[in-house]
Amino acid sequence: MSKRLVPALLVCLLALTTFAKERAVAARKQDDARLAIGSGASVTGQVTAVSGNLITLADGLVTIDATNARILHGDGAATIAAIQRGALIIATLQETGTVSHGPLVATAIAILRNADVTFTGTTQSVDVAGNQFLLLNRTIKVDAHTAFVNFGDHPSIAGLQPNTMVIVEANVVSGALVASRITLIAPIPPRPEISS
């Protein structure tokens, strides 16, 4: 896992927990319920199935009820439709004071990864006309559904340059890697030439 991705995941967990705690305070002011909402409880895992508002992890051993959960993906809010089988999610949970073997009730869910593979590396070359680029010696294609994050005024493959650090989420489509999301981290400065 990328050293830059770990702090981002921790910030996401902290934000979700803070959001859940703020909702808990508001709920306690409205009524004197005995539920402790957003006390820091959470679950992280890979989605094995989604059925209506129920999300299962760990081959069905863990079920999450997302009926009233705020769902976050990338830069903003999403719906449960954005959560697909294979996605990596983190959910902050509502804790009850009683023993229950039913679904865990989520207050917020963040989609951390929703792709077949995620690469972090430096672009080697970019073929704008061919809608593809080379990363870690792998050809990654771009299509109309590819999201470009942190690209400023050029949110397209035209804004991608060689020697640029990126995080790429890609899926296998017809035997090729197709980027679903490309996040620009930073251009890599050219190496200084040392004359002998």
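The values are calculated or read from the model by the stated rules, or taken from the named source; none is laboratory data. Given the structure is predicted, the values throughout are model-derived calculations rather than measurements. No Cβ is skipped: glycine too gets one built from the backbone with ideal geometry, and neighbour counts run over all protein chains shown.
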Consider T139 carefully, then state whether it is part of a strand (DSSP E or B), surrounded by 15 or more Cβ atoms within 10 Å (Cβ to Cβ) and at pLDDT 90 or above. no
Residues of segment 156-170 being of a type outside the set (A, V, I, L, M) and either crowded, with 16+ Cβ neighbours inside 10 Å or touching a Cys at 6+ places or on another chain (Cβ under 7 Å) (or both), in sequence order, are G159, T164, E169
Note on segment 129-186: residues hydroxyl-bearing (S, T, Y), more than 22 Å from I83 (Cβ to Cβ) and within 22 Å of the chain's Cα centre (by Cα) are S156, T164
Among A91, A144, A170, the single one that is part of a strand (DSSP E or B), assigned by TED's automatic domain parsing to the domain that holds G40 and modelled with pLDDT of 90 or more is A91
Within segment 94-119, the residues that are of a type in the set (A, V, I, L, M) and in a strand (DSSP E or B) are L104, V105, A106, A108, I109, A110, I111, L112, V117
Across (1) in contact with an Asp or Glu (Cβ under 9 Å, 6 or more places away or on another chain); (2) surrounded by fewer than 17 Cβ atoms within 10 Å (Cβ to Cβ), I55 clears everything bar (2)
- Message: Among the residues in segment 120-135, are any modelled with pLDDT under 95, assigned to a loop (DSSP other than H, G, I, E, B) and among the hydrophobic types (A, V, I, L, M, F, W, C)?
- Response: no
Within segment 23-67, residues of a type in the set (S, T, N, Q) and either within 16 Å of the chain's Cα centre (by Cα) or at pLDDT below 95 (or both) come out as Q30, S39, S42, T44, Q46, T48
Looking for something surrounded by fewer than 14 Cβ atoms within 10 Å (Cβ to Cβ), of a type outside the set (V, I, T) and over 22 Å from A186 (Cβ atoms) - is there at least one such residue anywhere in segment 104-125? no
- [ ] State whether one or more residues within segment 82-99 are over 22 Å from the mean Cα position of the chain (by Cα), surrounded by fewer than 19 Cβ atoms within 10 Å (Cβ to Cβ) and free of Cβ contacts under 8 Å to residues at least 60 places away in the same chain.
- [x] yes
